[in-house]
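Structure first, commentary second.
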Amino acid sequence: MGTLTLPRVQSIATEFRNRFGRAPLVVRSPGRVNLIGEHTDYNEGFVLPGAIDKEIILAVGSRDDRTCRMVAADLGQTFETSLDALARSHLGWPNYLLGVVDQLQKGGIQMRGFECVFGGDIPIGSGMSSSAALEAGFLYGLNELHGLSLDRLRMARLAQRSENEFVGLRCGIMDQFTNLFGHEGSVILLDCRSLQYEYVPFTRNDIRIVLCDTQVKHELASSEYNVRRAQCEAGVDLIRKHEPSVHSLRDIPRGLLDEHRREMEPIVYTRCAYVISENERVLSGCDDLRRDDLEAFGGKMIQSHEGLRDEYQVSCAELDVLVEAALGVDGVYGARMMGGGFGGCTINLVREDHIQEFSGTVADSFKNMFGKAPKIYLSRISGGTGIVNLDARG
Ligand code: GLA
């Protein structure tokens, strides 16, 4: 963990102590990037994400009664409820914590009340998975506090389900899995069907992962996300009528999709075709990384963006301007929108010695079009969620 984290750990732990009069258990929970493989996770496909050095710090403690007290330190907001009256809150953020408790209770785990103070620097709504960081980090803390003995995979599934059922986004498992399985210096090739994974080293010191944040999140983001998922399912349902063994788009080779193209609504075909191509790009992109061929890898990132923009249609003007501007700069290997889409960030692989030129050019183009500067973050691949030892850190 970087030294910059220390003041945050201390201030969150201190806020907990001041409010609740005892020492908390402290958890660090990271955001994530995804190099390639977008909208493939819920289609049982492949993704290539990594945890990053943006994080949420959570201080948690358990209570003997059934009261749940939550504090979003950065927002200056508090929320209190009882384990017997879990209901969605209009504040938004409590739902990520309550959803986890709800899942544990549904799983037959006898819960006790808790207190939780959290804060961090993962920009909200940026596509860096602040929500998964909150869900998985909180679950990790409860697992430790209450000795639940859940392993990381179980926690990832449970955190995903809490978002599906309590928050209402039918997300795949990529974000929660990455949060819990992140590994310093490596991205994760995850097979979202078998949940087998492999760490792929990403350690080139001369290349930086640069995130450009549009700072917009269009209203349609979550409803359109669920619509995309339903369109993919419609394609699978249709093919399954001919091939009963087919379970997801993962089982459908391009040829089979094409064979039944005429039976599908054109939009369903286009969405499915994107997912099938994107899965191929993840696998061949991993080979590029293993050969250290960043030119080839970057080319696949660009194709991924084009597919997301034209076929899957989850990009937006702000993202497209950022990608186009990035591709005009020397030393940029690849650029594409990242995450669910309709706002959030682009991810760019940029040579270290071109970062300044990159930032200037991209910011200017964005400002010319939209009248304000994008936020630009340099990120490093970091480790996954874990306990912060307060004593060792003073
Ligand atoms: C969001 C979801 C993920 C994944 C991405 C798109 O981040 O939470 O599960 O589907 O969008 O790749």
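Quick look at the values:
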quantity: Subset of the range 206-261 that is hydroxyl-bearing (Ser, Thr, Tyr) and at pLDDT below 95 - its residue that is surrounded by the fewest Cβ atoms within 10 Å (Cβ to Cβ); calculated: Ser223
quantity: Test: residue in the range 222-239 that is closer than 30 Å to Gly383 by Cβ, in contact with a Cys (Cβ under 7 Å, 6 or more places away or on another chain), in a helix (DSSP H, G or I) and among the polar types (S, T, N, Q); calculated: no
quantity: Failed criterion for Ser277 (all others in (1) under 18 Å from Cys192 (Cα atoms); (2) in contact (Cβ under 8 Å) with a residue 60 or more places away in the chain; (3) part of a helix (DSSP H, G or I) hold); calculated: (2)
quantity: Tabulated pairs, the range 35-57, first within 23 Å of Ala296 (Cα to Cα), second more than 11 Å from the ligand (Cβ to nearest atom) and modelled with pLDDT under 95, C-beta under 8 angstrom, 6+ apart or interchain; calculated: Leu35/Phe202; Gly50/Phe202
quantity: Any hit, the range 142-153, residues being buried (at least 16 other Cβ atoms within 10 Å of the Cβ), more than 16 Å from the ligand (Cβ to nearest atom) and under 14 Å from Cys68 (Cα atoms); calculated: yes
quantity: Selection count, the range 152-192, where residues are in contact with a Cys (Cβ under 6 Å, 6 or more places away or on another chain) and either charged (D, E, K, R) or within 15 Å of Gly31 (Cβ to Cβ) (or both); calculated: 1
quantity: Test: residue in the range 120-140 that is free of Cβ contacts under 8 Å to residues at least 24 places away in the same chain, part of a helix (DSSP H, G or I), within 16 Å of the ligand (Cβ to nearest atom) and polar (S, T, N, Q); calculated: no
quantity: Those residues of the range 53-63 which are under 20 Å from Tyr96 (Cα atoms) and either within 15 Å of the ligand (Cβ to nearest atom) or assigned to a strand (DSSP E or B) (or both), in sequence order; calculated: Lys54, Glu55, Ile56, Ile57, Leu58, Ala59, Val60, Gly61, Ser62
quantity: Pair list, Cβ under 7 Å, 6 or more apart: the range 174-201 residue charged (D, E, K, R), other residue modelled with pLDDT of 95 or more and more than 16 Å from the ligand (Cβ to nearest atom); calculated: Glu184/Ile381; Glu184/Ser382; Glu184/Gly383
quantity: Any hit, the range 329-348, residues being free of Cβ contacts under 8 Å to residues at least 60 places away in the same chain, closer than 18 Å to Ala373 by Cβ and either within 16 Å of the ligand (Cβ to nearest atom) or not in a helix (DSSP H, G or I) (or both); calculated: yes
quantity: Residue match in the range 75-83 (condition: assigned to a loop (DSSP other than H, G, I, E, B) and either within 16 Å of the ligand (Cβ to nearest atom) or modelled with pLDDT of 95 or more (or both)); calculated: yes
quantity: Residues that are more than 12 Å from Leu390 (Cα to Cα), in contact with an Asp or Glu (Cβ under 7 Å, 6 or more places away or on another chain) and away from the ligand (no atom under 16 Å from the Cβ), drawn from the range 17-52; calculated: Phe20
quantity: Test: residue in the range 180-193 that is more than 15 Å from Gly384 (Cβ to Cβ), within 14 Å of the ligand (Cβ to nearest atom), modelled with pLDDT under 95 and assigned to a loop (DSSP other than H, G, I, E, B); calculated: no
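Quick grid of which residues meet (1) crowded, with 17+ Cβ neighbours inside 10 Å; (2) of a type in the set (A, V, I, L, M); (3) assigned to a strand (DSSP E or B):
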residue: Asp364; (1), (2), (3): no, no, no
residue: Met369; (1), (2), (3): no, yes, no
residue: Tyr377; (1), (2), (3): yes, no, yes
residue: Gly384; (1), (2), (3): yes, no, no
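Condition check ((1) more than 15 Å from the ligand (Cβ to nearest atom); (2) among the charged types (D, E, K, R); (3) crowded, with 20+ Cβ neighbours inside 10 Å) across all residues:
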position	(1), (2), (3)
Glu278	no, yes, yes
Leu289	yes, no, yes
Leu294	yes, no, no
Glu352	yes, yes, no
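The values are calculated or read from the model by the stated rules, or taken from the named source; none is laboratory data. These numbers come from a predicted model, not from an experiment. Neighbour counts run over all protein chains shown; Cβ positions are idealised from the backbone, glycine included.
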